Amino acid sequence: MNEHFSENQAQIVKTRSISPIWFLPVVAAVLGLWILFQNITHANVQVKIHFQKADSIIVDKTKIRYKGVIVGTVKKIELDSASGVNVIAEIESHATFMLREQTQFWLVSPKASLTSISGLDTLFSGSYINLEPGDGEEATVFDAIDEEPISIPDNALLVSLKSDSAGSVSVGTPIFFKKIKVGEIVQVRLDDSGRHVNIKAFVESDYSHLVKSASKFWNISGLRANISRAGIDVNLDSITSLIAGGITFSSPQKSTAASAETQFELYENIDKSEAGQTIELTVNNINNLPKGAGILFKGHGIGRITDIEYSLEQKQFIAQATINPQFSEMITQGAQFWVEKTALSFSKIKNLGNIITGDYVAFAPAADAEVAQKASSFALQQSRLPVSPALDLMLLTEDATGLNAGDPVSYQGIKIGSIRSLDFAENGRFIETSISIDSSYQYLINKNSQFYLLSGVNMKASLQGIEMQSTPLEHLLSGGIGLYNAEPVKKSAKNTLLDKNLRFRLYPSRALAEVGKNVFSKPLILSVLSKQLPAVSEGSPVYYHKLPIGEVIGFSIDNSGLMKTELSIKGQYRHLIKEQSIFWNISGFNVDAGLGGIEIQAESLLTIVKGGIAVDHGKKDIDNKYANGSYKLFSSYEKAAKPPTVITLLFDQANELQVGSKLRLKGLVIGRITELTLSSKGKVQAKVNVKAEFAAQTARKGSRFWVVSSDISLAGAKNLSTLVSGVFINVEPGKGAPATEFTGEVKAPIIERSKTGLPLILLTDNAGSTDINSPVYHRQIQIGEVMSKQLSSDASGVEIAVNIYPEYSHLIRENSIFWPASGFNLNVGITGVALKSTSLTSLIKGGISMSTPDNKPLQEMSDAFARFELKKEFNESWLNWKLAIPKP
Amino acid sequence: MDKRATAGKTGIEQGLQLCSICGNYSKQIDNPEICPVCFNDISQRKKNSLQKTWALLITSVVFIIPANLYPITYLLKNNTLYPDTIFSGILSLINSDMLGIALIVFVASIAVPIFKIAALAVIALSVQLHWNLSPKKQLWAFGFVDWIGKWSILDLFVISIMVAVFDKGHLLSVYPGIAATSFTVVVITTLFAANSFDTRLIWDAQTHE
């Protein structure tokens, strides 16, 4: 079987087949070869970069980037033999084309600013080296630069800006056009001279056409706030510009496109960028005038000082200023420029902001600006010149205290001009005050015009208080000059041309101005005599209506043994001393202390301390001089001007009267007892000084004087005050001829006029308990009182005089009935004891009641001094009468 | 049908062939192409075994070069890419004082693939050129290669897990590098190379001697 099979067995031929698996290594080989080829052709290039220091460069970690793409890695750091370090880096093959001589490398480290955080990735990934390709031959050795070079986007327009200060501009500050960011500041550098700041910026290519050769660049950084009475206007361009600043520019349509590297000026703000007319202002002293100071016309900014330079040739500062085009019309000959300075005085605070911002320049156009020639050079005044043709006057004064240039000159409260300057006069004696009067008020000035100092306060301090009189507060604090014209000047008055050399005197006060020119004449020396030296000392003032007009200069004893006080009256007041002048002492204070209280009189605080003498015009009849012709020095004004009338009162008894007791008229003190003597007739003689103004009224025949003292009785207490203040004398003026001697009474006269009413006479058999002052009642209301009681002429009865108060006099009718209300009615019976009394007062004082029957029609009102019968018996039914008596 | 096999002789010498599917061996004469039991294709030796082994080995040799020279992972940390080759990874592990892990990585990623390729190459050469090396040692080496081969996959597991886990964008990410692909190819080709090698060829080469 086996053989058979063997014979027939097919011959197995081994075929050399190639497995398709070979495809795999072939592919692998191709791949490998390709990678090998890549590696060879794209071999990394080693470069050597020289750094000053290798801070934060880490081998194998620090990358080299170009536009954010990693193009290499630091492979090695080695110290340079000279200085710094060499960083060996491998640049990947695809970037080797950038390795040229001009290629720059710099280290990028994290940088955070307000606007941008750059290189933040480097915070975590570490710093990296940036590569900026350049031209030149291929190179592998480089020097790293310290700072990032300006890198601007492709095709962006690089613009150069020049500015005086960097302001808030820094690298990265955006450039806006219509509030759209179109570019960025890339470099801020001081120029070589250090005077300007050169700023390089780029405007992106999309917007580069907006930059025209006439474009203006200005800073919009921060916040601009304009605070005025109208409100607060806050101008904020963008939050970015608030924080980081910003620059914007204008793009005039007409202008041609700007070429690269065009130099532009960077203005501080939009105002300054506005082109305008350039003018030159010359000024001697620049003071606080800053560059950039505004030029204001009536408070409106019309331009700016752009530059201030000192000219050696002209020996003064020359300020360049730019005027806004719309105002350039006004810049003509005759226009004025002056510096508005901070005025910080008590009266006003002006331009306070200038302290911070510097002064500004004010501008006033010429009056004939429409026709005047254009001008471009002006002198910068230190203060405003008066609008021509102002009237300049020169005032002479010895003391310019309180005066300042610029203070007003006013006439009756209206400012008519101002002080221009103050300077010493040639002779050095005076101070020349130059004032200018506005043209519209020049008619007020004539030869007779007088000027006086408005400064100062008129203060009167006394024990009653302090009285202060002052001119308006402005003058009070800063002073000023007032104009006084003795006669009113009509507005139509012609402006009389005054002599240029005319000098006016400046009077220290208006009063003196009124007085006139005598003010400056020599002082008047005069002496006054007195029995005793007044309490004054050398230098004590002499007052005329409280105006000090002179002073005490010495004391001596007169031939006649009187004390002589020499006074020096200032020349300007000498006219005040006349023949009739009276002098009196106002020194110290007058204390009048007595039971009536303490009375202190003082002229002024100064006179309390220094004493003083007052002078005034007296009446002709005043005996103001001694026999030798010298003036008398009275001890008080009263004594001098109004000598009291002395009257003599004769009393039986002095009672409690004493020297100093008062004489009163209707409660008013009109005089005092000055002397109490016993007359030859054994009467008490009281001399009473009655004040002059009351003498005529009271020192007349018919006047009645009586002593008022406290009166305490069962019925009540009267004039209790006299217990404390002492008794006084009351007077009831008479109407007779003037008299000086009177008989005083101890008690008040029976009828006081004050209570005059309806007098009635009541007839009765006896006076009973009725007493003087007993009341008259109607329905238990007192309507009058008993004035007196006396026996009738034939002694058949008693006449009681009663006085019904005026307000009740109509109650007394012809049929009225009177009965005694006094005492009480005691009824004793089986039922008990009944006690009846009208009132407690009547029980004690007695009294009279009245009523009118109601069973008859109303009768006529009673006449004065009508006689009524006082009923003896009282009928109870009378109490029930209810007659209505209307008031007349 | 006599299909008794004799020890000490190869199957070819005895006309026997083994079904690699069902394990049944049969006379080659009876069923030259098909296994009489499971009717699967059957042959005395694996077809083109040596050729396949060589082809795959060469492929793996080609790929083991980029696998070691090129970065196997890219670590993106804070926006910066840090490439790591297998060897630089091991170095950084050593720098980080993780010698144990460095050793494991070194063995699994560098030593084992190279050893596998070398061992397979020696065995294949020995078969090809009848070097008369000890068949037992060769078999042992082959067995070891076969056993350890699959562990090389571990590296790729680690990489794929890292890529999946560290995916935090620019902050921290891991990307596989070109070496990872190469390494995969190396691992797979060596696995297949080992798989396609018919160990009986060792004996065949021996018997020819």
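The values are calculated or read from the model by the stated rules, or taken from the named source; none is laboratory data. Values in this document were obtained by computation on a predicted structure and should not be read as measured data. Every residue, glycine as well, gets a Cβ built from its backbone with ideal geometry; the counts of neighbours run over all protein chains shown.
If you check A:Lys48 against the conditions, is it at the interface with another protein chain (Cβ under 9 Å from one of its Cβ atoms), of a type outside the set (A, V, I, L, M, F, W, C), surrounded by fewer than 18 Cβ atoms within 10 Å (Cβ to Cβ) and touching a residue at least 60 places away in the same chain (Cβ under 8 Å)? Walk me through how you get there before you give the answer.
Working: at the interface with another protein chain (Cβ under 9 Å from one of its Cβ atoms): no; of a type outside the set (A, V, I, L, M, F, W, C): yes; surrounded by fewer than 18 Cβ atoms within 10 Å (Cβ to Cβ): yes; touching a residue at least 60 places away in the same chain (Cβ under 8 Å): yes.
So A:Lys48 does not fit the description; no.
Give the residues of region B:20-48 that are more than 9 Å from every other protein chain (Cβ to nearest Cβ) and in contact with a helix residue (DSSP H, G or I) (Cβ under 9 Å, 6 or more places away or on another chain), sorted by residue number. I'd like the intermediate steps shown before the answer.
Let us first name the residues in region B:20-48 that are more than 9 Å from every other protein chain (Cβ to nearest Cβ), namely B:20-28, B:30-31, B:33-46.
Of everything in region B:20-48, those that are more than 9 Å from every other protein chain (Cβ to nearest Cβ) and in contact with a helix residue (DSSP H, G or I) (Cβ under 9 Å, 6 or more places away or on another chain) turn out to be B:Tyr25, B:Lys27, B:Gln28, B:Gln44, B:Arg45, B:Lys46.
If you scan region A:475-507, which residues turn out to be at pLDDT 70 or above and at positive phi?
Within region A:475-507, just A:Gly480 meets the criteria.
Looking only at residues that are farther than 21 Å from A:Ser410 by Cβ and under 35 Å from the mean Cα position of the chain (by Cα) in region A:367-387, which one is modelled with the highest pLDDT?
The qualifying residue modelled with the highest pLDDT is A:Leu380.
Out of B:Ser96, B:Ser92, report the one residue that is within 14 Å of chain A (Cβ to nearest Cβ), surrounded by fewer than 17 Cβ atoms within 10 Å (Cβ to Cβ) and either without any contact (Cβ under 8 Å) to a residue 60 or more places away in the chain or over 18 Å from the mean Cα position of the chain (by Cα) (or both).
After applying the criteria, what remains is B:Ser92.
Yes or no: region A:353-364 includes at least one residue that is crowded, with 16+ Cβ neighbours inside 10 Å and at pLDDT below 70.
Yes: one or more hits.
When the residues of region A:757-809 are filtered to those that are in a strand (DSSP E or B) and of a type in the set (Asp, Glu), which remaining residue is farthest from A:Asn880 (Cα to Cα)?
Let us first name the residues in region A:757-809 that are in a strand (DSSP E or B), namely A:758-764, A:775-778, A:781-791, A:798-804.
Applying the additional criterion that residues be of a type in the set (Asp, Glu) yields A:785, A:799.
Working: A:Glu785: 23, A:Glu799: 28 Å.
Across region A:757-809, the extreme among qualifying residues is A:Glu799.
Looking only at region B:65-86, filter to residues that are more than 10 Å from chain A (Cβ to nearest Cβ) and within 30 Å of B:Phe197 (Cα to Cα); which one of those is nearest to the chain's Cα centre (by Cα)?
Among them, the one singled out is B:Ala67.
Take B:Gln51 and decide whether it is within 13 Å of chain A (Cβ to nearest Cβ) and either modelled with pLDDT under 75 or more than 23 Å from A:Pro20 (Cα to Cα) (or both).
When the stated conditions are applied, B:Gln51 does not pass them.
Here are some conditions: (1) assigned to a helix (DSSP H, G or I); (2) at pLDDT 85 or above; (3) not charged (D, E, K, R). A:Ile844 meets all but one. Which one does it not meet?
In the conditions (1) assigned to a helix (DSSP H, G or I); (2) at pLDDT 85 or above; (3) not charged (D, E, K, R), A:Ile844 misses (2) alone.
Filter region A:74-100 down to the residues that are without any contact (Cβ under 8 Å) to a residue 40 or more places away in the chain and not in a strand (DSSP E or B) and list them by number.
A:Asp80, A:Ser81, A:Ala82, A:Ser83, A:Gly84, A:Ala95, A:Phe97, A:Met98
What number of residues in region A:15-41 are more than 7 Å from chain B (Cβ to nearest Cβ) and of a type outside the set (A, V, I, L, M, F, W, C)?
Qualifying residue count, region A:15-41: 6.
Would you check if there is a residue in region B:45-60 being outside the structural domain of B:Gly23 (by TED's automatic domain parsing) and touching a strand residue (DSSP E or B) at 6+ places or on another chain (Cβ under 8 Å)?
no
I'm trying to understand the selection: among the residues of region A:29-73, which are assigned to a strand (DSSP E or B) and closer than 20 Å to B:Leu81 by Cα?
Hits for region A:29-73 are A:Val45, A:Gln46, A:Lys63, A:Ile64, A:Arg65, A:Tyr66, A:Val69, A:Ile70, A:Val71, A:Gly72, A:Thr73.
Select, from A:Leu210, A:Leu236, the only residue that is assigned by TED's automatic domain parsing to the domain that holds A:Ala257, modelled with pLDDT of 80 or more, aliphatic (A, V, I, L, M) and surrounded by 12 or more Cβ atoms within 10 Å (Cβ to Cβ).
When all the criteria are applied, what remains is A:Leu210.
Tell me yes or no: at least one residue of region B:166-175 is within 21 Å of B:Val112 (Cα to Cα) and surrounded by 13 or more Cβ atoms within 10 Å (Cβ to Cβ).
No, every residue in region B:166-175 fails to be within 21 Å of B:Val112 (Cα to Cα) and surrounded by 13 or more Cβ atoms within 10 Å (Cβ to Cβ).
Across region A:56-73, what is the total count of residues that are within 11 Å of chain B (Cβ to nearest Cβ) and surrounded by 14 or more Cβ atoms within 10 Å (Cβ to Cβ)?
Of the residues in region A:56-73, 6 are within 11 Å of chain B (Cβ to nearest Cβ) and surrounded by 14 or more Cβ atoms within 10 Å (Cβ to Cβ).
For region B:54-70, check the following and say yes or no: at least one residue is in a loop (DSSP other than H, G, I, E, B) and closer than 22 Å to B:Val174 by Cβ.
Looking for residues that are in a loop (DSSP other than H, G, I, E, B) and closer than 22 Å to B:Val174 by Cβ, one finds at least one in region B:54-70, hence yes.
Filter region A:528-550 down to the residues that are without any contact (Cβ under 8 Å) to a residue 24 or more places away in the chain and either of a type outside the set (D, E, K, R) or touching a Leu at 6+ places or on another chain (Cβ under 7 Å) (or both) and list them by number.
Selection gives A:Pro548 alone.
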